[in-house]
1. Working only within the range 121-151, note down all residues that are β-branched (V, I, T), assigned to a strand (DSSP E or B) and farther than 19 Å from V163 by Cα.
2. Here are A33, A66: which of them is at pLDDT below 95 and surrounded by 17 or more Cβ atoms within 10 Å (Cβ to Cβ)?
3. Do the conditions hold for G129, that is, is it more than 24 Å from D145 (Cβ to Cβ) and under 16 Å from the mean Cα position of the chain (by Cα)?
4. Only residues that are surrounded by fewer than 22 Cβ atoms within 10 Å (Cβ to Cβ), free of Cβ contacts under 8 Å to residues at least 60 places away in the same chain and under 19 Å from F155 (Cα atoms): list them for the range 74-85, please.
5. Got a number for residues in the range 83-113 being under 19 Å from D151 (Cα atoms) and of a type outside the set (A, V, I, L, M)?
6. Which strands (runs of 3 or more DSSP E) sit wholly inside the range 1-110 and have at least 1 residues that are of a type in the set (K, R)?
7. Filter the range 80-109 for residues that are among the basic types (K, R) and either within 25 Å of R139 (Cα to Cα) or at pLDDT 95 or above (or both) and give the result.
8. Suppose we filter V135, V121 for residues that are in contact with a helix residue (DSSP H, G or I) (Cβ under 7 Å, 6 or more places away or on another chain), of a type in the set (A, V, I, L, M, F, W, C) and within 22 Å of F40 (Cα to Cα); which single one remains?
Amino acid sequence: MSDRHNDLFRGIMALPSFPVVFVTVERNIMVAAAFHFYSFDPPSVMVGIKPDKHSYSLISKTGEFAINIPTKSQLDKIRICGSLSGRDEDKYARASLTPSKGQIIDSYVIKECPVNLECKVVHQIEYPGTHVWFVGEIRAVCIDDNYRRDDALMFWLGQFRSVGAMIEGSSDQELLR
């Protein structure tokens, strides 16, 4: 690698952690950390998936996916689902997770996750590199009343991390006005 490429790569490595999510499509589960907010209006998220992954072909075929936010206490389930291929295994059974039919989409969500976002693909970004990005408009949301963002997991550079403490800020209600 050139020095310039190394410097640019170091810039990416300086970014903070990304949330760990379960991506579900049909009756398949994939673990992803290449996940981001995309838009407030319409509410949308995006997930990056390698084209050789089973989930990539399923999302391409169905045009939908769900984002399921696991908690720190579900790290064992994340490890199980992240180490198997849905082509060969029923990840729901192996990780002792319960599939629950989506409200809007035909795919399943994970009952044990405190947040489920059901999304329809509205855009696909094929950029040279490792991942294709699927932008999903959120069509239905289910959030457990006891969910706290501090219970979510982050991942970066091979390390799972907890969400940090708030230093300063407004409540969600103030931000949403």
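1. Kept after step one, since they are β-branched (V, I, T), are these residues of the range 121-151: 121-122, 125, 130, 132, 135, 138, 141, 143.
The next check asks that each one be assigned to a strand (DSSP E or B); those that pass are 121-122, 125, 132, 135, 138, 141, 143.
Matches in the range 121-151: V121, V122, I125, V132, V135, I138, V141.
2. Values: A66 fails: at pLDDT below 95.
Only one candidate qualifies: A33.
3. Numbers: more than 24 Å from D145 (Cβ to Cβ): yes; under 16 Å from the mean Cα position of the chain (by Cα): no.
When the stated conditions are applied, G129 does not pass them.
4. D76, R79, I80, G82, S83, L84
5. Of the residues in that region, 3 qualify.
6. Details: elements: 21-25, 28-32, 35-40, 43-49, 64-69, 99-101, 108-110.
So the answer is 99-101.
7. In the first step, residues of the range 80-109 are kept if they are among the basic types (K, R); the result is 87, 91, 94, 101.
Within the range 80-109, K91, R94, K101 qualify.
8. Values: V135 fails: in contact with a helix residue (DSSP H, G or I) (Cβ under 7 Å, 6 or more places away or on another chain).
Result of the check over V135, V121: V121.
The values are calculated or read from the model by the stated rules, or taken from the named source; none is laboratory data. Since this is a predicted model, take the numbers as computed values, not measurements. Backbone-built Cβ (ideal geometry, glycine too); neighbour counts: all protein chains shown.
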